[in-house]
1. Please enumerate the residues belonging to the range 37-52 that are free of Cβ contacts under 8 Å to residues at least 24 places away in the same chain and of a type outside the set (Ser, Thr, Tyr).
2. Kindly evaluate residue 7 against the criterion of being out of contact with any Ser or Thr (no Cβ under 8 Å at 6 or more places or on another chain) and part of a loop (DSSP other than H, G, I, E, B).
3. Only one of (1) out of contact with any His (no Cβ under 9 Å at 6 or more places or on another chain); (2) in a helix (DSSP H, G or I); (3) without any contact (Cβ under 8 Å) to a residue 60 or more places away in the chain; (4) buried (at least 17 other Cβ atoms within 10 Å of the Cβ) fails for residue 108. Which number is that?
4. Would you check if there is a residue in the range 112-131 being in a loop (DSSP other than H, G, I, E, B) and in contact (Cβ under 8 Å) with a residue 60 or more places away in the chain?
5. Of everything in the range 15-36 that's of a type in the set (A, V, I, L, M, F, W, C), part of a helix (DSSP H, G or I) and in contact (Cβ under 8 Å) with a residue 40 or more places away in the chain, which residue is surrounded by the most Cβ atoms within 10 Å (Cβ to Cβ)?
6. Would you call residue 68 touching a Leu at 6+ places or on another chain (Cβ under 9 Å) and surrounded by 14 or more Cβ atoms within 10 Å (Cβ to Cβ)?
7. Looking at the structure I just gave you, is residue 85 within 21 Å of residue 8 (Cβ to Cβ), in contact (Cβ under 8 Å) with a residue 60 or more places away in the chain, aliphatic (A, V, I, L, M) and surrounded by 13 or more Cβ atoms within 10 Å (Cβ to Cβ)?
8. Looking at the range 95-142, which of its residues are among the polar types (S, T, N, Q), more than 30 Å from residue 26 (Cβ to Cβ) and at pLDDT 80 or above?
Amino acid sequence: MNFLPNKVHMGLNAALFVAYHGSKEEPVSGAAIAQYYGLGSRTLEPVLQVLGNAGFLQSIRGQGGGYYIESPDKVNIKDIAECFIHKLLPECSAFSEFSPVLKQFFKESYQCFWDKLSEVTIQDLCNASEKEGLPRLGSDILTFEI
């Protein structure tokens, strides 16, 4: 079940990719992200612009430039999602005498969902990725064939 729009997922993946693979000393280019995921630059660049305009991605221009996240421990999933969703609590479309009860239930449920997302930072996701053994860009990736 997908609770978040695709743009949010793209934004989260892009931010996590940049935080996991990049740094101020070695930023990750938008082209590298697009190539890695097989995306066109026209698909990815608007997502990176939104994250940059929100202050989550820093960029370095020129040859060898790219993106990095200054403090991934201070950026949570809710922060990223809010860049792409303008209304976090949608209107309930209940239409009967149960409307007030349903509206309150959904309001509380959505609030719990957003509260949980605000507890998880990009750094937490990087740590979990590292624990899972995800290779970093430039590291030797071993492949086996039988």
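1. 38, 39, 40, 42, 45, 46, 49, 52
2. no
3. All conditions are met except number (4).
4. no
5. Across the range 15-36, the extreme among qualifying residues is 18.
6. Yes: the conditions hold for residue 68.
7. Yes.
8. 104, 109, 111
The values are calculated or read from the model by the stated rules, or taken from the named source; none is laboratory data. The structure presented is a predicted model; accordingly, all values stated were derived computationally and were not measured. When we count neighbours, we look across all protein chains shown, and the Cβ atoms used for this are built from the backbone with ideal geometry, even at glycine.
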